[in-house]
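**Student:** My questions all concern the structure below.
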Amino acid sequence: MSWPDAVSAVCAVLSILGAAFAWWRANLSKKAKTGAETARDEAAAALRAAQETAAALREMAAKLPEPPRFTLRPASSSPRNTAWILASARDEPQTITEVVNGDKVPMLNGLEAPLTLGPGEPVQFQAFAYGAPMPPSLVLRVEGVEGLVHVPFH
């Protein structure tokens, strides 16, 4: 074999190796593309599932009752207790514009409207029910709230 024939043979072998390498890279590229498409489809399915879950949670949250605006408890555990503590149960100030059933609470004293309570702020008032029935709740009109707010006596 002559020198030019050897160079031609080496070039032919290198061309075959180059072609094989190009085929192998193209095959890897197809696998990568297929893998990327699969990952994209799985991510899209996961996103749809997350959106459906979020919608279901929003729907459930809308059905939950609104948390109480105020708490009302006796100031002492004595059976002759006449003092009550009304406290805001919200994180923002609330203004009581009217005690709607104030005339139904026997001898109500110390709960005058308008009254603004800050977050968690309590106010103590007197309600003497000696022999007279107490209403089941204190009924308030609160600024910015549609309808009446009922706060049960405990």
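The values are calculated or read from the model by the stated rules, or taken from the named source; none is laboratory data. Because the structure is predicted, anything quoted here is derived from the model rather than measured. Note that each Cβ is placed from the backbone with ideal geometry, even for glycine, and that neighbours are counted across all protein chains shown. Protein only, heavy atoms only, side chains kept; ligands, DNA and RNA dropped before computing areas. Shrake-Rupley method; radii C 1.70, N 1.55, O 1.52, S 1.80 Å.
**Student:** Quick one: would you say Pro119 is in a loop (DSSP other than H, G, I, E, B) and touching a residue at least 60 places away in the same chain (Cβ under 8 Å)? So that I can check it myself, show each step before the final result.
**Tutor:** Details: in a loop (DSSP other than H, G, I, E, B): yes; touching a residue at least 60 places away in the same chain (Cβ under 8 Å): no.
For Pro119, the condition - in a loop (DSSP other than H, G, I, E, B) and touching a residue at least 60 places away in the same chain (Cβ under 8 Å) - is not met.
**Student:** Additional query: Might you check whether a residue that is assigned to a strand (DSSP E or B) and either in contact with an Asp or Glu (Cβ under 9 Å, 6 or more places away or on another chain) or over 17 Å from Pro152 (Cα atoms) (or both) occurs anywhere in the range 72-81?
**Tutor:** We begin by selecting, within the range 72-81, every residue assigned to a strand (DSSP E or B); these are 72-74.
From the residues that got through so far, the ones that are either in contact with an Asp or Glu (Cβ under 9 Å, 6 or more places away or on another chain) or over 17 Å from Pro152 (Cα atoms) (or both) too are none.
No: zero hits.
**Student:** With the requirement that a residue be among the hydroxyl-bearing types (Ser, Thr, Tyr) and surrounded by 10 or more Cβ atoms within 10 Å (Cβ to Cβ), what does the range 51-82 give you? Even if it seems obvious, please write down each step before you answer.
**Tutor:** Our first condition is that a residue be among the hydroxyl-bearing types (Ser, Thr, Tyr); within the range 51-82, this holds for 53, 71, 76-78, 82.
Once the filter is applied, which keeps residues that are among the hydroxyl-bearing types (Ser, Thr, Tyr) and surrounded by 10 or more Cβ atoms within 10 Å (Cβ to Cβ), the range 51-82 yields Thr53, Thr71, Ser76, Thr82.
**Student:** Go through the range 123-154 and count every residue that is surrounded by 13 or more Cβ atoms within 10 Å (Cβ to Cβ), free of Cβ contacts under 8 Å to residues at least 24 places away in the same chain and part of a loop (DSSP other than H, G, I, E, B).
**Tutor:** Going through the range 123-154 one residue at a time, the tally reaches 0.
**Student:** For the range 82-118, enumerate the residues that are more than 15 Å from Gly144 (Cβ to Cβ) and touching an Asp or Glu at 6+ places or on another chain (Cβ under 7 Å).
**Tutor:** Ala87, the sole residue that qualifies.
**Student:** Those residues that are open to solvent by less than 70 Å² (accessible area, probe 1.4 Å) and within 19 Å of Phe153 (Cβ to Cβ), I need them from the range 99-122; list them, please. Quick ask: steps written out before the conclusion?
**Tutor:** Our first condition is that a residue be open to solvent by less than 70 Å² (accessible area, probe 1.4 Å); within the range 99-122, this holds for 99-102, 105-106, 108, 110-111, 113, 115, 117-118, 120.
Once the filter is applied, which keeps residues that are open to solvent by less than 70 Å² (accessible area, probe 1.4 Å) and within 19 Å of Phe153 (Cβ to Cβ), the range 99-122 yields Val99, Val100, Asn101, Gly102, Val105, Pro106, Leu108, Gly110, Leu111, Ala113, Leu115, Leu117.
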